[in-house]
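Here's the structure, in structure tokens; my notes come after.
The values are calculated or read from the model by the stated rules, or taken from the named source; none is laboratory data. Everything numeric in this text was worked out from a predicted model, so none of it was measured. All Cβ positions, glycine included, derive from the backbone under ideal geometry; neighbour counts span all protein chains shown.
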Amino acid sequence: MKPHSSGVPAIALFGGVFDPLHSGHIAVARAAVRKYRLDAIFFIPSGRPPHKAQGPITLFEHRYAMVVLACAGEPRFIPSLAEADTSGAGTFSYTIDTVRRFQSQLAGKASRLFFITGADAFLQIGTWKDPLALLDSCDFVVAHRPGFPVNRLADAIPAELRAQPQPSARRGRVSSRAAAIPLRRTTVHVLETVSSEISSTGIRQRRKHGRSISGLVPRLVEEYIEKQALYRA
């Protein structure tokens with residue numbers, strides 16, 4: 001792995017259900033690589049996400065296969081089995097556990113760790129397992145569409161984690177054009193991506209109704225979905 005320009009490798013974890021991984025995810029990853037000079041992004045499909053406990057979810061094997069195909073030809077994108085349920089116990093996948101596992105693997109190696117997620121997911125950070133420890137553990141990259149009110153991201157962060165505001169700043173608020181929200185030990189980086197209406201839910205619905213998903217997912221992922229007859233009614 002080539003080091004970051006500072007001499008320290010910059011590594012990001014991109015977690016999600018990825019049901020399916022789509023072109024919007026790839027656009028976010030590419031933008032993050034450019035903006036934060038990332039050396040590698042590990043795409044980590046959730047094994048059994050707790051927020052999907054009551055709803056149907058495609059088999060992990062299919063979701064992981066689509067991640068592998070989407071990463072093909074992207075040397076900095078690495079498919080990861082970090083949340084695969086190898087024990088068969090059906091336990092939930094928690095982000096804090098995954099981050100700690102990577103930190104343990106990187107112990108003794110100089111590196112900078114990021115976690116990539118979307119704005120909608122980050123707004124629920126208070127409901128994630130051990131949110132204080134999680135936000136203290138690594139930098140976050142939060143992707144949002146143009147026009148999203150960035151102050152909502154700051155409001156979702158527990159007050160005790162926020163860095164002391166500068167005297168010139170309005171207390172407890174951030175600029176709508178802010179590129180980062182400083183915390184006491186880490187930083188929440190705000191990544192504005194290209195406007196897109198692509199969503200995994202929308203792709204599944206299009207498939208259910210027999211509509212094309214061409215361009216909404218990487219070509220190899222589209223071929224896999226067709227061959228495996230995924231998301232059909």
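Yes or no, residue by residue, for (1) crowded, with 20+ Cβ neighbours inside 10 Å; (2) under 14 Å from the mean Cα position of the chain (by Cα); (3) not in a loop (DSSP other than H, G, I, E, B); (4) not aromatic (Phe, Trp, Tyr):
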| site | (1), (2), (3), (4) |
| --- | --- |
| GLY108 | no, no, no, yes |
| PHE115 | yes, yes, yes, no |
| ALA121 | no, yes, yes, yes |
| GLY126 | no, no, yes, yes |
| ALA133 | no, no, yes, yes |
| ASP136 | no, no, yes, yes |
| VAL141 | yes, yes, yes, yes |
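Each residue in the stretch 201-221 was checked for being assigned to a loop (DSSP other than H, G, I, E, B) and not β-branched (Val, Ile, Thr), and 7 pass. Within the stretch 11-31, the set of residues being in contact with a helix residue (DSSP H, G or I) (Cβ under 8 Å, 6 or more places away or on another chain) and free of Cβ contacts under 8 Å to residues at least 60 places away in the same chain comprises just one member, HIS25. Just checking, does the stretch 1-14 include any residue being basic (Lys, Arg), at pLDDT below 95 and more than 18 Å from the chain's Cα centre (by Cα)? Looking through the stretch 1-14, at least one residue is basic (Lys, Arg), at pLDDT below 95 and more than 18 Å from the chain's Cα centre (by Cα). Restricting to the stretch 194-219, name every residue that is more than 22 Å from PRO56 (Cα to Cα), in contact with an Asp or Glu (Cβ under 7 Å, 6 or more places away or on another chain) and surrounded by 14 or more Cβ atoms within 10 Å (Cβ to Cβ). Within the stretch 194-219, none qualify.
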